[in-house]
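Beneath this line is the structure, given in structure tokens, with notes to follow.
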Amino acid sequence: MIRLLSYNIRHALGLDGRIAPERIAAVVAACEPDIVALQEVDVGRARTGGLDQAEEIARLLRMDQHFHPALHIEGERYGDAILTAHPSRLVRAAGLPGHPRRLGLEPRGALWVEVAVGGRRLQVLNTHLGLTSGERLAQVAALLGPDWLGNPACRDPVVLMGDLNATPWSRAYRRLAGRLTDARRLAGPGGARSGATFPTRLPLLRIDHVFVSAGIGVARMEPVGEGLARIASDHRPLRVEILLDPVAAGAERVAEEAG
């Protein structure tokens, strides 16, 4: 069993107005994840005291971290991170396209890390898509293209996590669902009936998602709403437990030995 967590931390700004990366770390630790995808992470920003939030949260969790700044202005950075205690390597970190006709929108990016876990090499992508339909469609097209999910190196098993700002009825969601499967569709009966994660106090929208490739089973999927998760951010974390296909793992080992 491999436990994943996707969490928009809103630069560790809680509903009580307090910036507390240690509280975010406590929320994550309580979930006991193997791999964590964080969005809205501040590094060296004045508004959060110049702290490297990715490094600090990883330190508290005793994990390694990979960070990509979607926004980089002088020494201030803001973006996404992947944390894990398992062996990992950064494959790609880059910006995503914006709206084709609207300039000045918040820049967005994605992060691709290969993690050795469960006897496999799991390809993990983390992203935070834009607020408008046009930019989300452009960003999903890029993610489906040759630099990301369409790259020959991005072979199954693959997981894509993040705050997509897209409901299951949106075109961006449907296009991603043509390549990967929403983990909620595969989840067993043990998870929550609703996958809504935003806003924290009264979740109504399912905009944080985990998508998985073929060869991945989903045992459980649920937003986390207990304890400090009720106030640590404006999103609830999304926890997913996956299983990797042992038959596919054996085939992968045979192919590697033959190569």
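Every read-out reported here was derived from the displayed coordinates using simple, explicitly stated rules and does not represent laboratory data. Since we're looking at a predicted model, the values are computed, not measured. Neighbour counts run over all protein chains shown; Cβ positions are idealised from the backbone, glycine included.
Listing for the model above:
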| item | result |
| --- | --- |
| Coil-residue chymotrypsin sites (Phe, Trp or Tyr not before Pro) of the range 138-175, DSSP, other Cβ within 10 Å capped at 11 | W169 |
| Computed FRET value (nearest 0.05) for R102 with R201, which takes r as the C-beta separation and R₀ as 35 Å | 0.70 |
| Average silhouette area of the chain, convex hull of alpha-carbon atoms, in square nanometres | 13.5 |
| Amide H contacts under 5 Å for D234, placed H, 5+ residues apart | none |
| The range 3-83 - Kirkwood radius from inverse mean 1/r over Cα pairs (Å) | 12.4 |
| Calculated from backbone phi, Karplus (6.51, -1.76, 1.60) coupling profile of the range 215-227 in Hz, x at Gly/Pro | x, 10, x, 10, 8, 7, 8, 6, x, 9, x, 9, x |
| Shape call, the range 44-132: gyration tensor on alpha carbons, a/c limit 1.5 | oblate |
| Rough spin-label spacing in nm, given labels placed 7 Å along Cα→Cβ, for R59 and R185 | 4.3 |
| Per-residue HN-Hα couplings for the range 157-171 [Karplus 6.51, -1.76, 1.60; θ = phi - 60°; Hz; x = Gly/Pro] | x, 10, 10, 10, 10, x, 8, 8, 6, 9, 7, x, 9, 7, 5 |
| Reduced Cα scattering model of the range 192-241, Debye log10 I(q)/I(0), q = 0.16, 0.20, 0.23 Å⁻¹ | -0.45, -0.65, -0.80 |
| Highest-fluctuation residue, P21, P33, P146 considered, GNM on the chain with Cα pairs under 10 Å | P146 |
| Ranked by how many other beta carbons lie within 10 Å on average, peptides 105-115, 201-211 from highest | 105-115, 201-211 |
| Pairwise label distance in nanometres, H72 with A29, each label 7 Å out on the Cα-Cβ vector | 3.2 |
| Computed helical MRE - 222 nm, the chain, DSSP H runs ≥ 4 contributing -39500 (n - 2.57), nearest 500 | -6000 deg cm²/dmol |
| Alpha carbon convex hull of the range 25-175, projected area averaged over orientations, nm² | 9.6 |
